[in-house]
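Peer 1: Just passing along the structure, written as C-alpha cells.
Just so it is clear, none of the values below were taken in a lab; they were calculated from the coordinates. Just so it is clear, the structure is predicted and the values come from calculations on it, not from any experiment. Heads up, the Cβs are rebuilt from the backbone with ideal geometry, glycines too, and the neighbour counts pull from every protein chain shown.
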Amino acid sequence: MQTADVLVVGAGAAGCMAAGTAAQCGADVLSVERNERVARKVCITGKGRCNVTNASDVPSLVQNVPGNGRFLYSAFSAFSAEDTQRFFTDLGVPLKVERGNRVFPESDKAMDIADALAQFLRQNGVHRVHARVSELLLEDGAVRGVRAASGEPFYADRVILATGGLSYPATGSTGDGYRLARQAGHTITPTRPSLSALRCREDLCASCAGLSLRNVALTVEDTKKHKEIYSDFGEMLFTHFGVSGPMVLSASAHLRDMQPERYRLYIDLKPALSEEKLDSRLLRDFSENGNKGIANTLGLLLPRSLIAPVLRLAGIDRAAKTNQISKAQRMALLQTVKALPLTVTGFFDIDAAIVTAGGVNVREVDPKTMESKLCRGLYFAGELLDCDAYTGGFNLQIAFSTGYLAGRAAGRSGN
C-alpha cells in the first residue's frame, strides 16, 4: 500500500508542474502516470520545437483564451509567462522569443523542455509510479486516493487530476480524467477539437492539396449570425479534405458552435493590393498577354494549382484567350482573388487536434486554488479544464499556470 500527502494523476506539462510545486511546498508527492516517461505530448508540440509560452502580460494572456479566459486570471497572475520563462531558464534551458511573442527553446528541441520537467520532479523528490488510474477513492464528500487499473490502491487526502484532454491519444490523452471528474460529481462541458484543421466542402482543396500559401489574409463569417467572427494574416495550407496551417488553427478556436456549412472562410490571395491596385495589375497583365490563354496569364499572379479553381469560381473558361475576357469577368476574377470562398463542414477528428475544448466545468472549480467546489481535496490542472486558447504558446501557459496553482494549494493544504 502506497500513501502520500499529494497524489498527481498525469505527468504532462500541468501534472509535472503540479507535482514538483507541491513537493517544493513540503508535501510528500506521488506522481501516477500511464506512460513510462513524462511529458510525452510536450515532445511533439510546436512541430517538435515546443512553443513553451507566449511572452505576454496577464491581460493579454486572458484575451487569448476564448474559452473561459477570465477564470484563469488568478492562475496567470500566480504563475505568469515571465515565470514560465524563468522556470525553464533556471532548469538550464535557454529560451528565445520569435514572431508573435512565441517562446521556444534556443535548441529548437521540445525534448529539452520535457527533460527539464523530468528534472524538476527529480530535484524535488517526487515519487513516480507507472500505472493507469481507473477510479477515485471517495469518502464523505472528500477524496481519499485513487485505484489503479491493476486494482492497487494509492492513498492521499489531496489528489490533482492532470490527465489532459482527448487530443493525440497515443501520448496518453484518452479522456480518463473526464470519467474520474464525473465520479466526483462534476459536470463535463461537451468536448470538441480546438486548434484543429478544418474540413471544407469545395473540391478545390483536394486539387490544391499540399499548396502552402504565405502572406494571405483569412476572414471567417458566421452565416447564421451574418457577421465576421475572425480575421488574420499569415500562412495556411490546403489538404485533401480542407485547410490547415497557423491561421486556420487559430480560426478554429472561434468556431464555438460547429454546424455543417455554418461557417464560411474567405481567403484574400493578394491582401497587399487594394481592389483598385489589383484591377490595375490585371489590366496591365491582360494588355501585355492578350494573345495568351487566360490560364497562362494568371500564372504571373497565382500559384499554378489555384488557377483552374479560381477561373471556375469566376465563371471563366480556362481555355479562353486573355483578350476575350470581358470587364464583368475581370471583376468576377478580382472578387474571387480577394475573397476565395470555402465552406466549412466540420473539424478534423479530435485525436488530430492540438488541444481539446470543453472539459470540467470551471464554475465547479475554485479559480484561486483549482480545488473542486464539490469534492474536498480534489484539484484540476491543464487541458482537463474547460479552458482553451489560441495557438502561440497560450495553451501550454494554461497548463503551467493551473498546474502551479493546484500544486501550491495542495502542497500547502496539509501544513
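Peer 1: So, by mean Cβ neighbours within 10 angstrom, what's the order for 210-223, 232-245 with the highest one leading?
Peer 2: Per-residue Cβ counts within 10 Å, averaged per peptide and sorted highest first, yield 232-245, 210-223.
Peer 1: If I model a spin label at Phe241 and Leu283 as a point 7 Å from the Cα along the Cα→Cβ vector, what separation in nanometres do I get?
Peer 2: Output for this residue pair reads 4.6 nm.
Peer 1: Which order results if Lys292, Lys41, Lys327 are arranged by neighbouring Cβ count within 10 Å, fewest first?
Peer 2: The most exposed by this proxy come first: Lys327, Lys292, Lys41.
Peer 1: With 26 Å as the limit, write out which pairs from Lys270/Lys321; Lys47/Lys338; Lys109/Lys270; Lys227/Lys270; Lys225/Lys338 have Cα-Cα distances beyond it, or answer none.
Peer 2: From the list (Lys270/Lys321; Lys47/Lys338; Lys109/Lys270; Lys227/Lys270; Lys225/Lys338), the Cα-Cα distance tops 26 Å for Lys47/Lys338; Lys109/Lys270.
Peer 1: Another question, then. Summing Lys, Arg as +1 and Asp, Glu as -1, what charge do residues with Cβ under 14 Å from the Cβ of Asn289 carry, Asn289 excluded? Don't skip to the end; give the middle numbers.
Peer 2: On the way: positive: Arg281, Arg284, Lys292, Lys321, Arg330; negative: Asp285, Glu288.
Within the 14 Å Cβ shell, the charges total +3.
Peer 1: Alpha carbon centre of region 306-348 versus region 195-251: separation in Å?
Peer 2: 17 Å
Peer 1: Using alpha carbons only, how many angstrom separate the centre of region 25-100 from the centre of region 363-400?
Peer 2: Each part's Cα centre sits 12 Å from the other's.
Peer 1: Once you have all Cα-Cα distances for the chain, histogram them in 10 Å bins from zero and send the whole-percent values.
Peer 2: Spelled out per bin, shortest first, that is 5, 22, 27, 19, 13, 8, 5, 2, 0.
Peer 1: Tell me, what is the Rg over Rh of region 197-347, with Rh the Kirkwood radius over Cα pairs?
Peer 2: On the way: Rg = 15.7 Å, Rh = 15.9 Å.
My calculation of the ratio gives 0.99.
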